[in-house]
Amino acid sequence: MTEIAIRCGGRPRALVLARIWWTAVRPFSFPVSLVPALMGIASAWVAGFRIDLGLAVLTILGAVAAHAGANLLQDYFDYTGGIDKPGTLGGSGLLVSGILGPRAVFMGSIVAFAIAAFVAVPLVAHAGLALLWIALGGFFLGAAYAVPRVGLKYHSLGDVGVFFAFGVGITLGSYVIQTGSMSAAPLAMGIPFGFLVVGVLVANNLRDVDDDAGAGVRTLAVVMGQRATRAFYVAAVLAAFAAPIAYVRMEYLNAGAIFCIGALPLAFEIMMDVWRAPEGSRRDMAVAVERTARLALFYGVLMVAGTVAWKALVGG
C-alpha cells in the first residue's frame with residue numbers, strides 16, 4: 001500500500017480533497033501508461049511522420065485517465081470483494097482506512113473513464129476505426145481485470161492482460177493516432193516495455209499473495225508459489241533488456257534503443273532485493289512495486305531518448 005500522509009489541519013478543503021484523490025489513483029504507477037504513449041509517438045517520428053503535439057498531449061491525457069480509472073475500479077472491487085481489509089497493503093489504502101467510501105471510489109472511476117472517453121472522441125475521429133478497436137480492447141482489459149470471480153486476476157490472466165493493455169495497446173494506439181495506420185514498428189519498443197509492466201504486477205501479486213489466496217484469487221503468484229514467482233519476476237525484467245538488443249540486431253529498432261541498458265544496474269538491485277526478501281515480507285514487496293514502476297520510467301525515458309537521438313544524429 002502506498003504510504004498515506006494526508007495532513008488536513010489548516011489546509012483549504014479543495015487542496016485536501018485533491019491530495020486524497022491524487023493518492024487514490026496511485027500516481028506512482030502512471031509510468032506504465034505514460035511511457036508506452038511516448039514510445040508510440042517516438043516510433044511515429046522515427047518512421048518519418050510529422051508529430052502533432054496537440055494529438056500527443058491528448059493521447060497521454062487519455063492513457064493516464066484510463067489508467068487512473070482502472071486503478072480506482074480495481075480498488076473498489078478488491079475492497080467490496082473482501083480482498084483489501086485492515087492489515088492488507090493492497091490498493092491505495094483509502095477504502096480500508098475509511099477516508100473514502102466505496103461509492104465515492106466507484107464514481108471516481110466512472111469520472112476517470114469518462115475523461116478518457118471524452119479525449120478519445122477527437123482521437124478516434126482523426127485516426128479511424130483501428131484506434132476505436134484498440135481503445136475498446138484496452139478498456140475491456142482495464143475494467144475486467146478485477147471483477148469478482150470472473151476478472152482476469154481470478155484466473156491467472158492478469159499478467160497477460162497488462163502486457164497487452166500497456167505494452168501493446170497504448171504503444172500501438174499512440175502510433176496509429178500520429179500516422180493513421182497500423183504497423184508492427186512501435187511494438188519493437190512496446191513489447192520489451194510490456195515485460196517491465198508485467199514485473200510491476202508480479203511484485204504487486206507477491207505482496208498480496210496470502211490475501212489473494214485467502215479470497216480465492218488465483219494470480220500467478222498464488223498458483224506458482226513465491227519462489228517460482230520471484231524467478232518469473234527476474235525473467236520478466238531481464239527480458240525487457242534482452243528484447244531490445246534482439247530487435248536492434250533484426251533492425252526493428254535503431255541502435256539508440258540500447259540506451260535503455262543504462263537502467264540495468266537499478267534493475268539488478270531491485271531484482272536482488274525481490275529475490276532475497278523473506279517470504280511473506282509484504283513491506284519489502286510493497287517497496288518493490290513502486291521501485292519497479294520507477295525503473296519502468298527510467299528505462300522508457302532512456303529508450304525513447306536514445307531512439308530519437310540516434311535518428312536525429314545518425315539517421316538510422
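Values as computed for the structure displayed
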| item | result |
| --- | --- |
| Test for F298: is it at pLDDT 95 or above and under 21 Å from F28 (Cβ atoms) | yes |
| Residue identified as of a type in the set (A, V, I, L, M, F, W, C), at pLDDT below 95 and in a helix (DSSP H, G or I) among A184, A213 | A213 |
| Answer residue from the range 255-266, given it is surrounded by fewer than 16 Cβ atoms within 10 Å (Cβ to Cβ) and of a type outside the set (A, V, I, L, M, F, W, C) and is nearest to V304 (Cα to Cα) among those | G262 |
| Unmet criterion (only one of (1) at pLDDT 95 or above; (2) among the small types (G, A, S); (3) surrounded by 23 or more Cβ atoms within 10 Å (Cβ to Cβ); (4) closer than 15 Å to I177 by Cβ) for G138 | (1) |
| Unique residue being loosely packed, with under 15 Cβ neighbours inside 10 Å, in contact (Cβ under 8 Å) with a residue 12 or more places away in the chain and of a type in the set (D, E) when the list is E290, E269, E279 | E279 |
| Odd one out for V124, checked against (1) touching a residue at least 60 places away in the same chain (Cβ under 8 Å); (2) farther than 19 Å from F30 by Cα; (3) in a helix (DSSP H, G or I); (4) not small (G, A, S) | (1) |
| Residue match in the range 34-42 (condition: surrounded by fewer than 23 Cβ atoms within 10 Å (Cβ to Cβ) and among the aliphatic types (A, V, I, L, M)) | yes |
| Which numbered condition M189 misses (of (1) assigned to a helix (DSSP H, G or I); (2) surrounded by 20 or more Cβ atoms within 10 Å (Cβ to Cβ); (3) in contact with an Asp or Glu (Cβ under 9 Å, 6 or more places away or on another chain)) | (3) |
| Filtered residues of the range 70-104 (kept if more than 18 Å from N204 (Cβ to Cβ) and crowded, with 18+ Cβ neighbours inside 10 Å) | L100 |
| Candidate set from the range 205-230 (those that are of a type in the set (A, V, I, L, M) and touching a residue at least 12 places away in the same chain (Cβ under 8 Å)); member that is farthest from V150 (Cα to Cα) | L206 |
| Failed criterion for L100 (all others in (1) farther than 18 Å from R26 by Cα; (2) assigned to a loop (DSSP other than H, G, I, E, B); (3) at pLDDT 90 or above hold) | (1) |
| Criterion (in contact with a Phe, Trp or Tyr (Cβ under 7 Å, 6 or more places away or on another chain) and among the hydrophobic types (A, V, I, L, M, F, W, C)) met by exactly one of A117, A146, A125 | A146 |
| Leading residue by the ranking (farthest from V162 (Cα to Cα)) among those in the range 127-144 that are of a type outside the set (A, V, I, L, M, F, W, C) and assigned to a helix (DSSP H, G or I) | G137 |
| G173 vs. criteria modelled with pLDDT of 95 or more, under 20 Å from R291 (Cα atoms), surrounded by 24 or more Cβ atoms within 10 Å (Cβ to Cβ) and not charged (D, E, K, R) | no |
| Test: residue in the range 155-172 that is over 24 Å from P244 (Cβ atoms), in contact (Cβ under 8 Å) with a residue 40 or more places away in the chain, more than 15 Å from the chain's Cα centre (by Cα) and part of a helix (DSSP H, G or I) | yes |
| Some residue of the range 249-265 being at pLDDT 95 or above, under 17 Å from the mean Cα position of the chain (by Cα) and within 13 Å of G199 (Cβ to Cβ) | no |
| Residue that is β-branched (V, I, T), more than 18 Å from Q178 (Cα to Cα) and not in a helix (DSSP H, G or I), where the choices are I83, I115 | I83 |
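The values are calculated or read from the model by the stated rules, or taken from the named source; none is laboratory data. As the structure is a computational prediction, the values presented were derived from the model and not from experiment. With ideal geometry, Cβ positions are generated from the backbone for all residues, glycine too; neighbour counts draw on all protein chains shown.
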